[in-house]
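Written out below as structure tokens is the structure these notes cover.
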Amino acid sequence: MNLPSPAQHQQGRRALPPRAQHFRGSLGRFATGVAIVTFDGVSKRHGITVNSFTSVSMEPPLVLVSIARTTKAHDELAGRPFTVNILGAEQQGLALHFAGKPGREPQWVEGDVAPRLAGVLAFFECTPWAAYDGGDHTLYLGEVVAFDYRNGDALAFANSRFTTIPESQLGVEDLL
Ligand SMILES: Cc1cc2nc3c(=O)[nH]c(=O)nc-3n(C[C@H](O)[C@H](O)[C@H](O)COP(=O)(O)O)c2cc1C
């Protein structure tokens, strides 16, 4: 078996086989928002940047995040309440902070069931609903018990790059 050398391992995605790189690149064409999942673990507070956030159900209100088995957050999230914090355009630093490039310690807010981050564009506090096998990820569904939002431009992620989406003037609320 060809294991990657430590140097290759450091290079992260560049060390992926060509087909996996191509797969990742293809998936990256789907533009998403950026969120941070926050929760209290056994002995410490966790935050993990994700773009795999999806709304699932209105009644009951359910949302989903997909967490890689290799992350520190993965095992500790099982069975625990969590908050999905949706980031605004000016919060790229927070996205990096919780993706392995720590900066200044963010400002935390004690939520009703889980900790959350101050100043985010929207948040969803969740109690655990279900967890499903998702290959090398686990799909964690949460039942939303508290939520809110503010107006503002959104932080987005596409083609492996951060970008921003201005708050639109064109409403299609009547189509949803
Ligand atoms: C924009 C962006 C989106 C990400 N989306 C996910 C995701 O949906 N699921 C995931 O498991 N990791 C995702 N990651 C990677 C994790 O944030 C990263 O591996 C993190 O350092 C894991 O933290 P932990 O090991 O301390 O739990 C994403 C990273 C970035 C920058």
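We did not get these values from a lab; they are worked out from the coordinates using the rules stated. This is a predicted model, so every value here is computed, not measured. Backbone-built Cβ (ideal geometry, glycine too); neighbour counts: all protein chains shown.
Shown for Glu76, Glu125: other C-beta atoms within 10 Å of each C-beta, ranked fewest to most, produce the order Glu76, Glu125. About the centre of its Cα atoms, the chain shows a dipole size close to 1100 debye [charges on the beta carbon of Lys, Arg (+1) and Asp, Glu (-1) only; nearest 20 debye]. Relative to the Cα centre, the charge distribution of the range 73-148, modelled as +1 at Lys and Arg Cβ and -1 at Asp and Glu Cβ, gives a dipole magnitude of about 240 debye. The Ala31 and Val56 beta-carbon pair, evaluated with R₀ = 22 Å, returns a calculated FRET efficiency of approximately 0.65. Farthest toward the positive end of the dipole of the chain, out of Gly88, Phe30, Gln169, is the Cα of Phe30, where the dipole comes from beta carbon charges about the Cα centre.
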